[in-house]
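The values are calculated or read from the model by the stated rules, or taken from the named source; none is laboratory data. Because the structure is a prediction, the values reported are computed rather than measured. FYI the Cβ positions are ideal-geometry reconstructions off the backbone, even for glycines, and counts take in every protein chain you see. Remember, those area values only see protein heavy atoms, side chains included, never the ligands or the DNA or RNA. Shrake-Rupley method; radii C 1.70, N 1.55, O 1.52, S 1.80 Å.
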Amino acid sequence: MIEDYWPSEEQIDECIRTTAEELAEHVLLAVHEPMELTKLAANSGSSDTASEEDLLHHLTSTERPIPIVGPSGVGKSHLIRWLDWKLRNLPQAKNWLVRRIPKNASLRRVLEIILEGLDGAEFEQARNEVRTVGSQLKTERVAEHLLLSAGHLLGDLHRETEKELRDIQETGKSLDERDKRRIALIKKHAPEESLPTLLLDPNFKSTLSSEGKCVFQIAQRLTSGSTDEELIRNDYQLHAEDLDFSMQIDDLSLNARNYVRNKTLNTSSESREEATQLLNEVLNDACMSTFQQFFKFNSGSFQELFVDIRKYLKRRGLELIILVEDMAAISAIEDVLIDSLIEESVYDGKAELCPIRSAIAVTEDYPGYAKRRNTLITRAQYEWSISMRSNDEEVIYQRIEDFCGRYLNASRHGQLALSETYNPSNLEKDWPKPWVSAYQEGRELAESLDCSDLGVPLFPFSKVAIRSLADSFCRPRDELEFDPRTILNQILLRVLKSHRAEFFRGDFPSDGLSPLNCPTTLELELQQNIPDEFERASKFSAVYGYQATNLDELSGSVDPVLAQEFGLKRLAGVLESDDRQPVPVTPPTPVTPPTPVRPDPNAHKEQDAGKDIASQVDLWFKNQSIDQSAAMAIREVLLKVLALYLNN
């Protein structure tokens, strides 16, 4: 039966997850939708479309860290996990040591992953140091150290800026407006008696680093990692509202109090935004200072330890590959790790270190990347980004449809069945094959309805329904986007998980399915023809008959079988029949013909105002602009209806 094609709750939970880290490897590969990438050349600034295989080839042939850029939720972690799987299953993998750093890893976990499996007393001692320090680190202590370091770094920034200004005055160099604004900002907030003093004030420091605040969240990510929900919810950046002065300002130290009042931090949101802008600029360096404070190795610095790791691997004929799911996950060591990743393996003509290859995924607005971007793309020659848009929206619609088909198919199989057919060393191109029901009737019915281009039945969706939901949720800036996280949450999980119970008790679809409303004319026809099914038929038609404005158009875009399977039997019958009741029009009351008068030259304007009024009402409900004449006509009708209601 066709209901078998609606996955169980357990299968949905196992196979439809919003973060790649939550999926088992065989499930991740079963749902993998090939990504469209853009490759930006560092030397020319030109960009070209590219594939995942192109990226893989670049990674295996380049001893430079490769940046992979994209907005949150676009699939960067998924791509890194796919690269990890591909690398481990290539023939030359026996000569590689592949290390993948998850985006939710703590600082301790990052170091453990890098040191994992390395033999020798030196590395064992380093692992012990990481375990000992990592277990003793307290989030509150790290948060306090972050603020202390940030204060010192702001003071350093002010002194460096003063020196630069003296050099500029001596050389007569001119500054552009951007540099002038930045220098003014530093002179206003970075002196030791300004923002650094506020950060060190005991009362304010406890407020700024309290649980739930940004500084505490950063410290927590360093000490214990972050959950996927926290990574989605938190941007790990300070905002103006974080500088909370609802406390008694008189409780602050004298210098801190004078700074707050003189720079109007307690009354001006603009001043608070300026201060948080500077704080965000030094937070990454504060994380690195914290790392250096707490983690020390016998060989010296982390960079020296990393050199020892590469010498060790060189002696064993191995190459090191580092894959980072999120640059923010290595914020405390990002500078020193990147410096280690770009260090040449050949020095003075002699190969002393093992070759190293790496890929680092990063959210496009991450401050740490902005600081190192030029270095990274110049050395790697390219910056790779994940494409969300296309000049041809049909391409995006097709990608969304295929994406939904893959997740539907995987969840119908379920995690256990996928694991039983999964062979990583010899994965067939068409694995997993489309799931089929054991019941012939259900199988034939599902296959008679819409299927993806991969042959996967789309039930309980249809091609039109996926398009309607995509237009509702995947147009944040009125431009269609391929956004995996949004597709998972607002299309797949919205229908499959949130409305599953409704389907099995015969109440699907309901009001919560989509924000779309049925067009006015179609709604009137449905009310006239099937009043007993009107509510559900109206919602069904809005989604599954998307953009149909009347019953004739609806019958051309919706398979009556689909309406039948959703329990809309009357609607299915109307769609199959040509015998439909038109929307009734009240006949005019006979009146005595008036005495002929001279035609009014403005009469046609009144007639035009009434034309296509239903479509104008639909636009009005969508918060879109409508003709002034139509707006006046709608107001007149509403006034008449209101008058009738009040009179009755």
Review point. Name the helices (runs of 4 or more DSSP H) wholly within the range 480-564 that hold at least 3 residues that are open to solvent by less than 10 Å² (accessible area, probe 1.4 Å)?
Key: 534-544
Revision key, fill the gap. Filtering the range 20-61 down to residues that are part of a strand (DSSP E or B), among the polar types (S, T, N, Q) and touching a residue at least 12 places away in the same chain (Cβ under 8 Å) yields T38, T49
Study note, to complete from the structure: Within the range 161-206, of all residues that are part of a helix (DSSP H, G or I) and among the small types (G, A, S), the one modelled with the highest pLDDT is A184
Review point. Considering the range 1-22 alone, what residues qualify as being modelled with pLDDT under 95 and either among the polar types (S, T, N, Q) or under 17 Å from the mean Cα position of the chain (by Cα) (or both)?
Key: R17, T18, T19, A20, E21, E22
Point to revise | Selected residue (only one of D559, D552 is in contact with a Lys or Arg (Cβ under 9 Å, 6 or more places away or on another chain) and either among the hydrophobic types (A, V, I, L, M, F, W, C) or at pLDDT 65 or above (or both)) | key: D552
**Study point:** First in the range 517-539 and under 15 Å from S577 (Cβ atoms), second anywhere and assigned to a helix (DSSP H, G or I) and charged (D, E, K, R), Cβ under 6 Å, 6 or more apart
**Key:** I530/R570; E533/R570
Exercise for review: Can you confirm whether the range 261-271 contains a residue that is buried (at least 21 other Cβ atoms within 10 Å of the Cβ), assigned to a helix (DSSP H, G or I) and in contact (Cβ under 8 Å) with a residue 12 or more places away in the chain?
Suggested key: no
Exercise for review: Could you tell me whether P560 is out of contact with any His (no Cβ under 9 Å at 6 or more places or on another chain) and free of Cβ contacts under 8 Å to residues at least 12 places away in the same chain?
Suggested key: no
Practice item. Confirm whether D54 is open to solvent by 30 Å² or more (accessible area, probe 1.4 Å) and either under 18 Å from the mean Cα position of the chain (by Cα) or not hydrophobic (A, V, I, L, M, F, W, C) (or both). Key: yes
**Study point:** Candidates D285, D250, filtered to the one that is part of a helix (DSSP H, G or I) and surrounded by fewer than 13 Cβ atoms within 10 Å (Cβ to Cβ)
**Key:** D250
Review point. Which one of these does R64 not meet: (1) over 24 Å from L376 (Cβ atoms); (2) touching a residue at least 40 places away in the same chain (Cβ under 8 Å); (3) of a type in the set (K, R)?
Key: (1)
Point to revise | Per-region count, the range 1-25, residues open to solvent by 60 Å² or more (accessible area, probe 1.4 Å) and under 12 Å from S411 (Cα atoms) | key: 4
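Rundown of residues vs (1) touching a Pro at 6+ places or on another chain (Cβ under 6 Å); (2) buried (at least 23 other Cβ atoms within 10 Å of the Cβ), yes/no style:
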site	(1), (2)
I330	no, yes
K350	no, no
R357	no, no
D365	no, no
Y397	no, no
L408	no, yes
S411	yes, yes
A417	no, no
Check your understanding: Only one residue in L283, L318, L323, L337 is farther than 20 Å from E116 by Cβ and touching a residue at least 12 places away in the same chain (Cβ under 8 Å), so which one is that?
Key -> L283
Check your understanding: Pairs, please: C-beta under 9 Å, at least 6 apart or cross-chain, first residue closer than 11 Å to Y397 by Cα and in the range 461-476, second open to solvent by 10 Å² or more (accessible area, probe 1.4 Å) and of a type in the set (K, R)?
Key -> L469/R494
Review point. Is it fair to say I68 is surrounded by 22 or more Cβ atoms within 10 Å (Cβ to Cβ) and outside any helix (DSSP H, G or I)?
Key: yes
Exercise for review: Kindly indicate which of A370, A328, A361, A332 is touching a residue at least 40 places away in the same chain (Cβ under 8 Å), in a helix (DSSP H, G or I) and under 24 Å from V282 (Cα atoms).
Suggested key: A328
Review point. Is at least one residue of the range 400-409 under 19 Å from T18 (Cα atoms), more than 22 Å from the chain's Cα centre (by Cα) and not β-branched (V, I, T)?
Key: yes
Exercise for review: Mind listing whichever residues of the range 443-477 are open to solvent by 60 Å² or more (accessible area, probe 1.4 Å) and aliphatic (A, V, I, L, M)?
Suggested key: L454
Revision key, fill the gap. Residue hits (the range 344-400; basic (K, R) and closer than 22 Å to R99 by Cβ) are R357, R372, R379
Practice item. Could you tell me which of the residues V336, V260, V282 is farther than 21 Å from Q217 by Cβ and at pLDDT 90 or above? Key: V260
